[in-house]
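Each remark here refers to the structure printed beneath this line.
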Amino acid sequence: EFYHLYVEGRIRGPYEGGPFPSGGNRFKLDLNRNFPGDYRPEGIQPGASLYPLDQPETRAMAEFFAAHPNISCAQTFHTFSWVILRPYATRPDKEIPGEDLRWFEILGQRGKEITGYPMVSVYEGFRFDKASPVYGYCTLFEWWYGQQGVFYLATELWNPYEAAGATGGRLDLATALCR
């Protein structure tokens, strides 16, 4: 068995405010990009790895869902953007069956009542580059909903940088796009 060991770091020198310096992602992995749905390997899609489900965490999730075919809905939580994301990441809403889109709208309205966050399609409303689909952005969306038929939502909770008063950069752009 292979596992990754991530060590905690230290802030060296006096802390003068602002974001903490990051030691970086040593393995350059993004587990959102490690599922079979519309997968693109590393080199084509940054953050992906050699092949889908080659990481123990994503493989364990896939095995769990395969062993429990009665699961029809899934919810994950991420941080940044104050928004509820829904499929698809690589296709427009017109490709979602009408009844499914209606249910996503109902779930989105209820989610907004609870959280105050709007629901948006990753493809329609959460892309920085509107000219091209976001292959690999979240292969979990494409796999759970597109290939497994599981209604899947990802709630992007608060934005810690903006909540702390920091401004500027891509994170503010993501927040502005989704509000």
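Per-structure values
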item: Checking CYS138 against (1) of a type outside the set (Gly, Ala, Ser); (2) touching a helix residue (DSSP H, G or I) at 6+ places or on another chain (Cβ under 8 Å); (3) modelled with pLDDT under 65; (4) surrounded by 12 or more Cβ atoms within 10 Å (Cβ to Cβ), the condition it does not meet; result: (3)
item: Checklist (1) assigned to a loop (DSSP other than H, G, I, E, B); (2) among the hydroxyl-bearing types (Ser, Thr, Tyr); (3) surrounded by fewer than 18 Cβ atoms within 10 Å (Cβ to Cβ); (4) in contact with a helix residue (DSSP H, G or I) (Cβ under 8 Å, 6 or more places away or on another chain) applied to THR76, failing item; result: (1)
item: Residues (free of Cβ contacts under 8 Å to residues at least 24 places away in the same chain and among the aliphatic types (A, V, I, L, M)) located in the stretch 29-60; result: LEU50, LEU53, ALA60
item: Residues located in the stretch 79-100, provided they are in a loop (DSSP other than H, G, I, E, B) and either basic (Lys, Arg) or surrounded by fewer than 17 Cβ atoms within 10 Å (Cβ to Cβ) (or both); result: ARG91, PRO92, PRO97
item: Subset of the stretch 101-123 that is part of a helix (DSSP H, G or I) and open to solvent by less than 40 Å² (accessible area, probe 1.4 Å) - its residue that is farthest from GLY37 (Cα to Cα); result: GLY111
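The values are calculated or read from the model by the stated rules, or taken from the named source; none is laboratory data. Worth saying up front: this structure is predicted, and the values here are computed from it rather than measured. Glycine also receives a Cβ, built like all others from the backbone with ideal geometry; neighbour counts cover every protein chain displayed. Heads up: the accessible areas ignore ligands, DNA and RNA and are worked out on the full protein's heavy atoms, side chains in. Shrake-Rupley method; radii C 1.70, N 1.55, O 1.52, S 1.80 Å.
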